[in-house]
Amino acid sequence: MAKRKGIEVSIALSDAVKLTNADVIAAYPITPQTHIVEHLAELVANGELDAAFIPVESEHSAMSACLGSSATGARTFTATAGQGLELMHEVLYVASSMRLPIVMAVANRALSGPLSVWGDHSDVMAVRDTGWIQIFVENGQEAIDHTICAFRIAEDNRVLLPVMVHLDGFHLTHMIEPVTLPEEEDVSRFLPPNRYPLPLDPVKPVAMGDFAPPVIYTEAKWAQEINLRNSKSIILEVWREFEKAFGRKYLPVEHYRSEDAKTLIMTMGSFSETASLAVDSLRQKGESVGQIKLRLWRPFPFKELRDAVKNADTLVILDRALSYGGPGGPVCTEIRAALYNEAKKPKIVSFVGGMGGRDISVAGFEQIITQGMEIARKGSPNEYEIFGVRE
Amino acid sequence: MEKYTVYAPRLIPKKEKFAPGHRACIGCGEALAVRLACKAFNENTVVVNATGCMEIVASQLPYTSWRLPWIHTLFENTAAVASGVEAALKVMKRKGTGPKAAVKVIAIAGDGGTSDIGLQALSGALERGHNFLYICFDNEAYMNTGIQRSSATPFGAATTTSPAGKASIGQFSWKKNMPAIAVAHDIPYVATACPSYPFDMMNKVAKAIAVNGPAYLHVLSVCPTGWRCPGDITVRLGRLAVETGIFPLYEVENGEYKMSVETPHQRPVQDYFKLQGRFRHLSEADVILIQERVKREYEKLVEKAKNGRKSERAKTESRANTDQVSA
Ligand SMILES: Cc1ncc(C[n+]2csc(CCOP(=O)(O)OP(=O)(O)O)c2C)c(N)n1
Ligand code: SF4
Ligand SMILES: [Mg+2]
């Protein structure tokens, strides 16, 4: 039986990568991702993981080396954060359009300037449309489990898409948490070897990355889009299989005391646990409050989201990123769009907060929820509310 | 490195790994260079191609001229992609999950993709000691986007972003010495070549492939479209570039310089310039200035070849055998 132990989440995540027996890791250090790649370098150096660790000279090259490695058929992993993810930006689109099953952990970090090494979701939101499958995790156990699942999802020949596992910088990466690391045999049973269908191999030459004239581009992009949308059913299948094998259940939209709730707070990532405590506290005070958490960011779980909110009066959404000059938090904006044509839908209140590592306490979440209920009743002149800013 | 094949007339493989039917301009020296280089590749090769003329002319969906496994991703990351392919091949071979044969990774890019936007990725890959060959096909400008200057454009040449005019001589800086930058990485093999000297070029390609570790080849590739010259003098222009001392052919093996073609009696640079529209605006004084510089640079090179400067680090075993990339 796998044992539960206290371990830093970054280390736990790298240990999960080791369990997948990854072939190639190409990475460049950036706070708060560093512990992940340092630990992987150490595992390779000690011969505990039989892989090539390519200490590239930039994140652009990290993702580029991952393209080459994955196209050759190797199981490929990298990790980054904030500026690193931005430097990778153009390469990310190539990974998804070339159908390369790369797995990347993103230790979510704010973007410069001003320079901030601390966590928020500005980096995630900037790469929203890169065609990757994107999953938020909330705690150390989820970081392990979803890293393992990510390889199985990405490499499934019905999917063949890269996957980002988002974990909050510092708030999650640097926490020591009790986790259960699965046994190696169990992971090997759950995760079959990577069988990339058309690798770069002289025995059967393929040309990858040809350029597309206008008569082909739209078709190529549409095929990619259909494929990403269809990946949802396989993601769900993998998570069901994971539950069978390891006993932990995951859903695209997770619920907490939400069944009968009139007001829902929606969160992503590590802040979710704090928000849950605020829900408990408000419930004790007699408020009809619940929580939903977005796990699957891409492909967006439209059905699950609509089902989750259909009986609520108010939906308060906390974004940890800003769309400058725009309509509110990026997640909230999408959810407004997803619900716009529904006959029965809650009032939606957008909050932006927790940026650049600013913490939101339980009391803070209580305030967000109650203020959100009030705005839903009385209205507000603002597109969104900024939480906790000093005037 | 001793056992590479020597190419000679009639012994050149007939098979075209870079198939005809691509869309390069008439008389394209870069397509000629790629085609000839490919004859020295063996079957067990993976080609990693940068964005640029050679990628665009040979890979329009649903066609390809490549009869080798080939991958193009972006403009500036070719050496990094090659790093990934090379590392993957090595690990998968060790684990018994990849191709059984020894596969060589060959990265190809233009002068822009090499000496400008891709320089960082190239430097990283050379420094890490990957076992790969990088070939820069240098046509001395960003041709694919319409003849803009690069750092490899020669002094005085008119391009669309270094136009000649009342207040401009054209290209305002001297050509970046890319082979010297490669040499500074202490890699086992660096050479210059030109398809106007086809056997010299193919032999260098074969030699570079035989190296266990990083090798860099810099190939002057005449571009009639960008150089503003007729398409039927491509080969002649390549020879003139060498005979004038403007583009000397040499090798740097483990840090030791060796001239491939000696031109003690150089032709005047004007013989080369007068055939090309990009130099048409140069005054007599401009030509003298360039002539002097060409002479000086050539002498410096000959001096290096004489001294046989040795690079200790590269002399010892190729680092690709020992470093952490192969771990
Ligand atoms: C990041 C990025 N910047 C700019 C371009 C546009 N671009 C494509 S090819 C090219 C020039 C290629 O020049 P070179 O590498 O010398 O190759 P050539 O076409 O001359 O063979 C440029 C500027 C691009 N594709 N990507
Ligand atoms: S522009 Fe120059 S390099 Fe490009 S295909 Fe035409 S001749 Fe060749
Ligand atoms: Mg060029």
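The values are calculated or read from the model by the stated rules, or taken from the named source; none is laboratory data. Source: prediction; values computed, not measured. No Cβ is skipped: glycine too gets one built from the backbone with ideal geometry, and neighbour counts run over all protein chains shown. Note: accessible area is taken over every heavy atom of the protein model, side chains too, but ligands, DNA and RNA are not part of it. Shrake-Rupley method; radii C 1.70, N 1.55, O 1.52, S 1.80 Å.
Summary of computed values
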| read-out | value |
| --- | --- |
| Helix A:9-19 axis, angle to chain A major axis (alpha carbon atoms, nearest 10°) | 40 |
| List A:ASP23, B:ASP200, ordered by accessible area with a 1.4 Å probe, largest first | B:ASP200, A:ASP23 |
| Mean separation of Cα contacts under 8 Å, 6 or more apart, over the residue count of the stretch A:4-246: relative contact order % | 24 |
| Total accessible area lost when A and B pair, probe 1.4 Å, Å² to nearest 100 | 3300 |
| Cβ-derived FRET efficiency at R0 56 Å, A:VAL362 paired with B:ARG67, nearest 0.05 | 0.30 |
| Contour excess over end-to-end distance, with Cα ends at B:GLN148 and B:GLN270 and 0.36 nm allotted per residue | 41.6 nm |
| Within-11-Å neighbourhood charge of A:LEU85 [Cβ basis; K, R +1; D, E -1] | -2 |
| Cα-based shape type of the stretch A:30-130, given that a ≥ b ≥ c are square roots of the gyration tensor eigenvalues and the cut on a/c is 1.5 | oblate |
| Rg and Dmax [Cα atoms of chain A; Å; Rg one decimal, Dmax integer] | 20.7, 69 |
| Length gained when the stretch A:ARG128-A:ARG195 is fully extended (0.36 nm per residue, less Cα-Cα span) | 21.4 nm |
| At least 20 Å² of accessible area lost relative to the chain alone, listed for the stretch B:92-109 with a 1.4 Å probe | B:MET92, B:ARG94, B:LYS95, B:PRO99 |
| Heavy-atom surface of chain B, accessible at 1.4 Å and reported per residue (Å²) | 40 |
| Listed residues A:SER281, A:SER96 arranged by accessible area, highest first, probe 1.4 Å | A:SER281, A:SER96 |
| Apportionment of accessible area to carbon and sulfur, the stretch A:1-89, percent (1.4 Å) | 50 |
| Charge sum, other residues only, whose C-beta stays under 12 Å from A:MET104's C-beta, Lys/Arg counted +1 and Asp/Glu -1 | -2 |
| A:MET125, A:MET104, ranked by accessible area, largest first (probe 1.4 Å) | A:MET125, A:MET104 |
| Rough spin-label spacing in nm, given labels placed 7 Å along Cα→Cβ, for A:LYS221 and B:VAL6 | 5.6 |
| Antiparallel bridge percentage (DSSP; both residues within the protein assembly as shown; nearest 5) | 25 |
| Angle between chain A longest axis and helix A:140-155 axis [Cα atoms, degrees, rounded to 10] | 50 |
| Computed label-point distance, nm, for sites B:GLU43 and B:THR160 using a 7 Å Cα→Cβ extension | 4.2 |
| Surface accessible to a 1.4 Å probe, per residue, for the residues of chain A, Å² | 39 |
| Rg(Cα) / (2.2 N^0.38 Å) computed for chain B, rounded to two decimals | 0.97 |
| Accessible carbon and sulfur surface of chain B relative to its total accessible area, %, 1.4 Å | 55 |
| Radius 10 Å from Cβ of A:GLU304, net charge of other residues (Lys, Arg +1; Asp, Glu -1) | +2 |
| For q = 0.09, 0.15, 0.21 Å⁻¹, Debye-computed log10 I/I(0) when each Cα of the stretch A:253-386 counts as one equal scatterer | -0.22, -0.64, -1.37 |
| Estimated FRET transfer efficiency when R0 is 45 angstrom, pair A:TYR340-B:GLU297 (beta carbons, to 0.05) | 0.10 |
| Accessible area of B:MET143 in the full protein assembly, 1.4 Å probe (Å², nearest 10) | 20 |
| Per-pair calculated FRET efficiency, R0 = 60 Å: B:ALA167 and A:GLU185 via Cβ, rounded to 0.05 | 0.20 |
| Calculated P(r) tail over 40 Å for the protein assembly as shown, as whole % of Cα pairs | 40 |
| Counting DSSP beta bridges with both ends in the stretch B:2-326, the antiparallel % (nearest 5) | 30 |
| For chain B: relative contact order, % (alpha-carbon pairs under 8 angstrom, 6 or more apart) | 18 |
| Estimated inter-spin distance, A:ARG306 and B:ILE288, nm [label 7 Å along Cα→Cβ] | 8.2 |
| With all protein chains modelled, accessible area of A:TRP118 [1.4 Å, Å²] | 130 |
| Cα long-axis angle, helix A:34-45 against chain A (0 to 90 degrees, to the nearest 10) | 20 |
| 1.4 Å probe, heavy atoms, protein only - residues of the stretch A:166-213 losing at least 20 Å² accessible area vs chain alone | A:LEU200, A:ASP201, A:PRO202, A:PRO205, A:VAL206, A:ALA207, A:MET208, A:GLY209, A:ASP210, A:PHE211, A:PRO213 |
| Sum of -39500 (n - 2.57) over DSSP H runs of 4+, divided by residues of the protein assembly as shown (222 nm, nearest 500) | -11500 deg cm²/dmol |
| Given charges at beta-carbon only (K, R positive; D, E negative), |dipole| of chain B in Debye | 640 |
| Extreme residue, positive dipole direction of the protein assembly as shown, given options A:VAL279, B:TYR134, B:TYR298 (C-beta unit charges) | B:TYR298 |
| Relative contact order (percent, whole number), the stretch A:253-386, Cα cutoff 8 Å, 6+ residue spacing | 28 |
| Antiparallel %, DSSP beta bridges [both residues in the stretch A:4-246], to 5 | 20 |
| Alpha-carbon centroids, the stretch A:221-250 and the stretch A:347-391: separation in whole Å | 33 |
